[in-house]
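A.B. asks: My questions all concern the structure below.
Each value in this text was obtained by applying a stated rule to the coordinates, not by laboratory testing. The model shown is predicted, which means the values in this text are computed figures rather than measured ones. Cβ sites come from the backbone with ideal geometry, for glycine too, and all protein chains shown count toward neighbours.
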Amino acid sequence: MDSRGDWRRKVTDATGLPFSRIRALKRLGAGPMTLKDLADAMSTDAPAATVAINDLESRGLVERYPHPENRRAKLVSLTAAGRSVMATTRRVVEATPPALQDLSATDIKTLRRILDKVAAHQESRAED
């Protein structure tokens, strides 16, 4: 990939999530955290972390549950779906063959569309 920005765009395209949400998921990949700890890890404030977690929770990517040692706090952790999204982010670079890494997202979509047509044509010829 040419730059970190390219990687971010590809991750966003692959997951359908804003990169700020990916950052939160990545921090939670280390294990459950309180919202305060997550905000600190993301270098943001608690209200911004809460907005991110509310969104991720509504998407089924994280869950909140009572902290076992502090009744006033809740822990946030990844769900299976959240772990799956994180696996997708790790595969973004791996999934792009070196010969295709210089292509834009639009070029990749065009190539995919063309290859799908070729494959469909081959399948229809095989059925004849």
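A.B. asks: For THR88 and ALA14, calculate 0.36 nm times their separation in residues minus their Cα-Cα distance, and state this gained length in nm to one decimal.
C.D. replies: On the way: separation 74, 0.36 × 74 = 26.64 nm, distance 0.73 nm.
Gain in length upon complete extension: 25.9 nm.
A.B. asks: I'm spelling it out carefully: the read-out is Rg/Rh (Cα atoms, Kirkwood Rh), the candidates are (1) 1.56; (2) 1.67; (3) 1.15, and one was derived from this structure. Which label?
C.D. replies: Entry (3).
A.B. asks: Once the piece of chain linking LYS74 and LEU115 is laid out straight, how much longer is it, given 0.36 nm per residue of separation minus the C-alpha distance between them?
C.D. replies: Values: separation 41, 0.36 × 41 = 14.76 nm, distance 4.83 nm.
Roughly 9.9 nm would be gained on extension.
A.B. asks: Assuming a strict under-30 Å limit between Cα atoms, what lysine pair count do you get for the chain once near-sequence pairs (fewer than 8 apart, same chain) are dropped?
C.D. replies: Taking the Cα cut-off of 30 Å, the pair count is 9.
A.B. asks: Here is a follow-up. Do the sum for the chain: with -39,500 (n - 2.57) for every DSSP H run of n ≥ 4, divided by all residues, what is the mean residue ellipticity at 222 nm, to the nearest 500 deg cm²/dmol?
C.D. replies: Details: 6 runs with 81 residues, N = 128.
Estimated from H runs of four or more residues: -20000 deg cm²/dmol.
A.B. asks: Could you sort the peptides 79-92, 22-35 by per-residue average Cβ neighbour count (10 Å cutoff), highest mean leading?
C.D. replies: Values: 79-92: 15.5, 22-35: 18.3.
Descending mean neighbour count gives 22-35, 79-92.
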